[in-house]
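Undergrad: Okay, here's the structure, questions in a sec.
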Amino acid sequence: MILVGFKKVKLAWDELGMSEQEDQAMIEYLSFLSKGKTERESWQIIEGWAHQSGFIPLDKVDNFKLGQRVRLAVRGKAGILAIAGLRPLNEGFRLIASHIDAPRLDIKQRPLYEEEGLAFLKTHYYGGIKKYQWMALPLALHGVVILRDGHKAEIVIGEDEEDPIFTISDLLPHLSKDQYNKKLREAIAGEGLNLLLGHNPSPGEGDERVKSAILLFLKDKYGIEEDDFVSAELEVVPAGKARYAGLDRSFIAGYGQDDRICSFAAWKAIEEIKQPEWTTIVLFADKEEIGSDSNTGMKARFLENFIAELITLQNGNYDGLMVRRSLARAKALSADVTGGYDPNYADVMDKRNSAFLGRGLVISKYTGSGGKYGTSDANPEFVSEVRRIFDNAKISWQTAELGKVDQGGGGTIAQYMAIYGMEVLDCGVGILSMHAPWEISSIADLVMMIRGYHAFLKYQS
Ligand code: MN
Ligand code: MN
């Protein structure tokens, strides 16, 4: 018997044949990336689409019968969309769960200071960033400041053509002898990531006239006082719009594609579904990049509470056992990206278990690090079911690990879904320059992901 190779390499491009609708979806995706740069903005966009598509806020529905569309916003930073299926919810449901937060620099609670005529905002980075990537590039400020009286000032500066941008200054090479000798990890200090804010002083004499001019501007334009930074959630993100990349326009370059590419695909997958066999749910979590803690992160119980609400709507009364059954019988994809194979960094990858750009959707049976720690290791029975779904739907897919076994690793929200007993498998696409200010994705992979997620949600069994 001759042993045949694992699988002939098939490129997603070869089987793609993009429809007009899918072409249009790529433009929508670019706009989603360009406008949704924080979890709040991303959820706001998704909620707007959901509203247009007939998803009704949970507190405004009085039933959960076949085809009923329901949405839940979680503190404006995360959310869930559901469509009632033919089968009762206690038999389980189909779920695709992604996250809408992304690595960035957060503004500290006492951020503003002036030194030698320059005003700065101090930052605290959020998630796994390589600090040097955030120096000397155009940055924008997005977020909210909740004033003492509870009023919310919403801020987006640095995106409009007319807006100023911000930047963090880097050291000139001429004086970098000591810096060059440092380890990459230590070359830039966390406390060195200070956003340059201005240097035009208010008239008169005295100290900190630049800072006082900045404060005057903030008061005038937004009603913000210095103390109000205490109750602010301001995020520094790369400025500018997402766009096509490559001479052949085959890539998309943009900030926050981890994990807004899977979030977008999840939305596209559920958008057209009307009367599914199984109740169909997509979820957009916050705080994945810092371990899923906080009440908007996947470790909070908002999914469980949502199912309890739906079961109560469906049954007329709350039944805790039905809620548990529903969750335990669910089948889910944990929708997140993985590191794409990069020939420039081939030595950190296991070529036989890598996610290649242009080869379609990626499933990862497990993620984690240091010997599978911190992951949900999917059951092979479920992996088999998912590959069957993808094969039947003619989806180009591949299997991958994040990199070489001893090289590092990373987790997803899959493990916090597995807690309920549901079947869950990590499934997304490979990304180049993951967690960098500009991440690169493949159009072919994105299209396959939308098709694959759709097939998963609609699969009848
Ligand atoms: Mn992610
Ligand atoms: Mn990430």
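Undergrad: What number of residues within region 288-302 satisfy the criterion of being touching a Phe, Trp or Tyr at 6+ places or on another chain (Cβ under 8 Å) and assigned to a helix (DSSP H, G or I)?
TA: 2
Matching residues to (1) assigned by TED's automatic domain parsing to the domain that holds Ala335; (2) more than 23 Å from the chain's Cα centre (by Cα); (3) buried (at least 17 other Cβ atoms within 10 Å of the Cβ); (4) at pLDDT below 95:
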{"residue": "Gly17", "(1), (2), (3), (4)": "yes, yes, no, yes"}
{"residue": "Leu33", "(1), (2), (3), (4)": "yes, no, yes, no"}
{"residue": "Glu41", "(1), (2), (3), (4)": "yes, no, yes, no"}
{"residue": "Ala50", "(1), (2), (3), (4)": "yes, no, yes, no"}
{"residue": "Pro57", "(1), (2), (3), (4)": "yes, no, no, no"}
{"residue": "Gln68", "(1), (2), (3), (4)": "yes, yes, yes, no"}
{"residue": "Ile80", "(1), (2), (3), (4)": "yes, no, yes, no"}
{"residue": "Gly85", "(1), (2), (3), (4)": "yes, yes, yes, no"}
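Undergrad: Sort out which residues of region 189-220 are assigned to a loop (DSSP other than H, G, I, E, B) and out of contact with any Lys or Arg (no Cβ under 7 Å at 6 or more places or on another chain), and write them in order of number. Write out each step before concluding.
TA: Going residue by residue through region 189-220, those that are assigned to a loop (DSSP other than H, G, I, E, B) are 189, 193, 199-208.
Those that are assigned to a loop (DSSP other than H, G, I, E, B) and out of contact with any Lys or Arg (no Cβ under 7 Å at 6 or more places or on another chain): Ala189, His199, Asn200, Pro203, Gly204, Glu205, Gly206, Asp207, Glu208.
Undergrad: With away from ligand 1 (no atom under 16 Å from the Cβ) and hydroxyl-bearing (Ser, Thr, Tyr) as the only criterion, which of Thr296, Thr279 stands out? Give the derivation first.
TA: On the way: Thr296 fails: away from ligand 1 (no atom under 16 Å from the Cβ).
Only one candidate qualifies: Thr279.
Undergrad: Starting from region 316-336, take each residue that is open to solvent by 80 Å² or more (accessible area, probe 1.4 Å) and list its partners that are assigned to a strand (DSSP E or B), counting only C-beta distances under 9 angstrom and pairs at least six apart or across chains.
TA: Pairs that qualify, where the first residue is open to solvent by 80 Å² or more (accessible area, probe 1.4 Å) and the partner is assigned to a strand (DSSP E or B), are Arg329/Phe93; Arg329/Glu423.
Undergrad: Another question about this same structure. Give region 342-382 a look and list any residue that's among the aliphatic types (A, V, I, L, M) and surrounded by fewer than 16 Cβ atoms within 10 Å (Cβ to Cβ), or say none.
TA: Ala346, Val348
Undergrad: Based on what the data block shows, is Ile419 β-branched (Val, Ile, Thr), more than 21 Å from Ala330 (Cα to Cα) and within 24 Å of the chain's Cα centre (by Cα)?
TA: Taking the combined requirement at face value, the residue does not satisfy it.
Undergrad: Counting just the residues of region 143-163 that are in a strand (DSSP E or B) and either of a type in the set (Ser, Thr, Tyr) or touching a residue at least 12 places away in the same chain (Cβ under 8 Å) (or both), which one comes out farthest from ligand 2 (Cβ to nearest atom)?
TA: Step by step, filter region 143-163, then rank; the result is Ala153.
Undergrad: Related question: Looking only at region 309-340, which residues are closer than 22 Å to Ala414 by Cα and either hydroxyl-bearing (Ser, Thr, Tyr) or part of a loop (DSSP other than H, G, I, E, B) (or both)?
TA: If the condition is that a residue be closer than 22 Å to Ala414 by Cα and either hydroxyl-bearing (Ser, Thr, Tyr) or part of a loop (DSSP other than H, G, I, E, B) (or both), then Ser326, Arg329, Ala330, Ser334, Ala335, Asp336, Val337, Thr338 are the ones that fit.
Undergrad: Within region 312-352, can you find the residues that are within 16 Å of ligand 2 (Cβ to nearest atom) and of a type in the set (A, V, I, L, M, F, W, C)?
TA: Within region 312-352, Ala335, Val337 meet the criteria.
Undergrad: Consider Tyr373 carefully, then state whether it is out of contact with any Asp or Glu (no Cβ under 8 Å at 6 or more places or on another chain) and within 16 Å of ligand 1 (Cβ to nearest atom).
TA: Spelling it out, it is not the case that Tyr373 is out of contact with any Asp or Glu (no Cβ under 8 Å at 6 or more places or on another chain) and within 16 Å of ligand 1 (Cβ to nearest atom).
Undergrad: May I ask you to say which residue of Ala102, Ala97, Ala140 is open to solvent by less than 10 Å² (accessible area, probe 1.4 Å), under 24 Å from the mean Cα position of the chain (by Cα) and away from ligand 2 (no atom under 16 Å from the Cβ)? Give the derivation first.
TA: Working: Ala102 fails: away from ligand 2 (no atom under 16 Å from the Cβ); Ala97 fails: away from ligand 2 (no atom under 16 Å from the Cβ).
When all the criteria are applied, what remains is Ala140.
Undergrad: Moving on to the next point. Would you check which residues across region 412-423 are within 15 Å of ligand 1 (Cβ to nearest atom) and either in a loop (DSSP other than H, G, I, E, B) or crowded, with 24+ Cβ neighbours inside 10 Å (or both) and list them?
TA: Selection gives Thr412, Ile413, Ala414, Met417.
Undergrad: Right, next: Is it fair to say Tyr255 is within 30 Å of Gln415 (Cα to Cα) and open to solvent by 10 Å² or more (accessible area, probe 1.4 Å)?
TA: yes
Undergrad: Within the bounds of region 340-359, is there any residue that is within 16 Å of ligand 1 (Cβ to nearest atom) and touching a helix residue (DSSP H, G or I) at 6+ places or on another chain (Cβ under 6 Å)? Break it down stepwise before answering.
TA: Start the filter on region 340-359 by keeping residues that are within 16 Å of ligand 1 (Cβ to nearest atom), which leaves 340, 355.
Restricting the remaining residues to those that are touching a helix residue (DSSP H, G or I) at 6+ places or on another chain (Cβ under 6 Å) gives none.
Among the residues of region 340-359, not one is within 16 Å of ligand 1 (Cβ to nearest atom) and touching a helix residue (DSSP H, G or I) at 6+ places or on another chain (Cβ under 6 Å), which makes the answer no.
The values are calculated or read from the model by the stated rules, or taken from the named source; none is laboratory data. Everything numeric in this text was worked out from a predicted model, so none of it was measured. All Cβ positions, even for glycine, are placed from backbone atoms using ideal geometry, and neighbour counts span all protein chains on display. Remember, those area values only see protein heavy atoms, side chains included, never the ligands or the DNA or RNA. Shrake-Rupley method; radii C 1.70, N 1.55, O 1.52, S 1.80 Å.
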